[in-house]
Amino acid sequence: MTNEKNVESAYQLAKERYAELGVDTDAALKALKNVKLSIHCWQGDDIHGFLNPEQELTGGIGVSGNYPGIARTPDELTSDLHEALSLIPGSHKIQLHTLYAVTDKKKDFNEVGPEDFKYWVDWAKQEKIGLDMNPTFFSHPMVKENFTLASPEKSVRDFWIEVGKKSRDISNYFGQELGQRSINNFWIPDGFKDNPIDKATPRLRLIESLDEIFAKKYDENNTIESVEGKLFGTGIESYTVGSHLFYNNYAISRGKLWTIDAGHWHPTEDVSDKFSAFLPFGKGLMLHVSRPVRWDSDHVVIMDEALVRITQSLVRDNELDKTNIGLDFFDATINRVSGWVVGARATQKALLQAMLAPIEDLKKAELNYDYTTRLAVTEELKSYPFGAVWDEFCLQNNVPVGTDWLDNIHQYEKDVQFKRN
């Protein structure tokens, strides 16, 4: 068990070290507390949901592992989320999908409405958190030949258009009930495995479908839509209808948010470079923080170089107010609750480290062509005691410091999760 006096002593020393550079650690802690993460519910149940949990995953999605303790019911999933939230400092949001509706009778995706998410809203009020929404365009028989909204079959498009419309009603309901704007993120799996003859028509169909879904106006204080592109997916390696450029242009032309998923780009591309190129023109960003390993494999987020670059860009360019940060990964080879905790805390650590820098001084040096100072200071910052500041943040927010949270996970496994199998 961490000694709180040692944490406080280490923080005071770190505070003095950073003050020598003109960095206010107390201000950084306050700024970090204001950043809400949108934590994805599907890490807890391997993306089964409650509408058709036996349906095979489709849309290029797959989960590895069979660690015991998977959540099988709404109460088990919310119990696991509650445990995770108790170990993550700050106040956050939870992302849901259509397939997580809690219904009193069997419903299809296109029949699910706000009434089927009352369970989640009541729980969110109890937890004092917000909810975000994602319409589910996968794991359903109406995904025909890897097509949904861009399908050549009108009946298929009509089915998924209704799913999209219903999701907007649900997202608006979240915003009204919880007093926090709900981000409604649209991702579809449409595309071809091999080279198509016609690349234009599917995209025109997608534009038409999206425009129909978004025709109704909602108060953006309650809900706003975001559109998510992808480089490729399993089964659509040669052509993705909803490509990055497609959704970049759609978001700008329609006044929507653009979703950048860190796993959806080519491994040689730096996702952090996209933010400052889009935001001068776009309304805002939804960011899905994931960790690709050689491809879009959705590993649990860790504090690696890619995450550090992402958070540095958001902080240094003052883009946090325009960016909604969500998590998106799934790993069933480990305790599923631990995945949430590791990923969320890693994201917060990276944000804090980015905030603990003399940013204005470094910008001034850069403006004066003093690249020597820029390089020297940014390198020295890598060995500054930001870990002591992070520990203080955990202490102030009444969550376990260091690896102490693992004790909670092991106890929760014993008392709750392992009894499910």
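We did not get these values from a lab; they are worked out from the coordinates using the rules stated. In this text, all values refer to a predicted model and were calculated from it rather than measured experimentally. Here the Cβ is made from the backbone with ideal geometry for all residues, glycine too, and neighbour counts use every protein chain on show.
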Requested in this report: Have a look at Leu32, Leu87, Leu367 and tell me which one the Gaussian network model of the chain (Cα, springs below 10 Å) gives the largest fluctuation.
Outcome: Leu367
Report summary line: For region 99-111, in residue order, the Karplus 3J(HN,Hα) values (coefficients 6.51, -1.76, 1.60; θ = phi - 60°; whole Hz; Gly and Pro = x) are 6, 9, 4, 10, 10, 8, 8, 5, 10, 8, 3, 7, 10
Requested in this report: Give me the lysines in straight-line cross-link reach of Lys105: C-alpha distance below 22 Å, same-chain residues under 8 apart excluded.
Outcome: Lys118, Lys165, Lys166
**Report entry** Long-range HN-HN contacts of Tyr239 with modeled amide H, under 5 Å
**Finding:** Phe192
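What shape does the chain take by its C-alpha gyration tensor, where a ≥ b ≥ c are the square roots of the eigenvalues and a/c under 1.5 counts as rounded, a/b above b/c as prolate, and the rest as oblate? It would help to have the intermediate numbers written out before the result.
Working: a/c = 1.91, a/b = 1.34, b/c = 1.42.
Oblate shape, in that a/c is at least 1.5 and b/c is the bigger or equal ratio.
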Requested in this report: In nm, give the distance between the simple-model label positions of Lys36 and Thr378, each being 7 Å from the Cα along the Cα-to-Cβ direction.
Outcome: 3.2
Query raised in the report: Where in region 329-353 is the amide nitrogen less than 15 Å from a point lying 7 Å along the Cα-to-Cβ axis of His410?
Result: 335, 338
Requested in this report: List the aspartates and glutamates whose Cα lies under 18 Å from the Cα of Lys107, skipping any in the same chain that are fewer than 8 positions away.
Outcome: Glu54, Glu56, Glu115, Asp116, Asp158, Glu162, Asp169
Report summary line: With a ≥ b ≥ c from the Cα gyration tensor eigenvalues, square-rooted, and the rule rounded for a/c under 1.5, otherwise prolate when a/b > b/c and oblate otherwise, region 1-107 is prolate
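Sort Trp340, Trp187 by Cβ crowding within 10 Å, fewest neighbours at the top.
Least crowded to most crowded, the residues run Trp187, Trp340.
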Requested in this report: Amide H neighbours of Phe50 under 5 Å, at least 5 residues apart or on other chains, H built in the peptide plane: list them.
Outcome: Tyr100, Ala101
Report task. Could you check the simple spin-label distance between Asn3 and Glu145, using points 7 Å along Cα→Cβ, in nm with one decimal? Result -> 7.0
Report summary line: Residues whose modelled amide H sits under 5 Å from the amide H of Asn324, counting only those 5 or more places away in sequence or on another chain, are Leu285, Met286, Leu287
Query raised in the report: Taking θ as phi - 60°, what are the ³J(HN,Hα) couplings along region 346-355 by the Karplus curve (6.51, -1.76, 1.60), each to the nearest whole Hz, with x for Gly and Pro?
Result: 4, 5, 5, 4, 5, 4, 5, 4, 5, 6
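Would you mind classifying region 104-241 by shape? Square roots of the alpha carbon gyration tensor eigenvalues, ordered a ≥ b ≥ c; an a/c under 1.5 is rounded, otherwise it is prolate if a/b is larger than b/c and oblate if not. Can you show the working numbers first?
Working: a/c = 2.17, a/b = 1.97, b/c = 1.10.
Prolate, since a/c reaches 1.5 and a/b exceeds b/c.
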**Report entry** Derived scalar couplings ³J(HN,Hα) [region 217-234; Karplus, 6.51 cos²θ - 1.76 cosθ + 1.60; whole Hz; x for Gly, Pro]
**Finding:** 9, 10, 5, 6, 5, 9, 8, 8, 8, 9, 10, 10, x, 8, 6, 6, x, 4
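If each DSSP helix of 4+ residues adds -39,500 (n - 2.57) and the sum is divided by the residues in the chain, what number results at 222 nm, nearest 500 deg cm²/dmol?
Details: 14 runs with 178 residues, N = 421.
So the helix-based figure for the chain works out to -13500 deg cm²/dmol.
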Query raised in the report: How many lysine pairs in region 193-350, separated by 8 or more positions in sequence or lying on different chains, have Cα atoms less than 19 Å apart?
Result: 14
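Figure the gain on full extension for Glu16 and Asn195 (residue separation times 0.36 nm, minus the Cα-Cα span) and round it to one decimal in nm.
Working: separation 179, 0.36 × 179 = 64.44 nm, distance 6.01 nm.
Full-extension gain reported as 58.4 nm.
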**Report entry** Label-point gap, in nm, between Asp304 and Lys105 - each point 7 angstrom along Cα→Cβ
**Finding:** 4.8
Query - Förster radius 25 Å - calculated FRET efficiency between Ala277 and Asp321, Cβ distance, rounded to 0.05 - result: 0.90
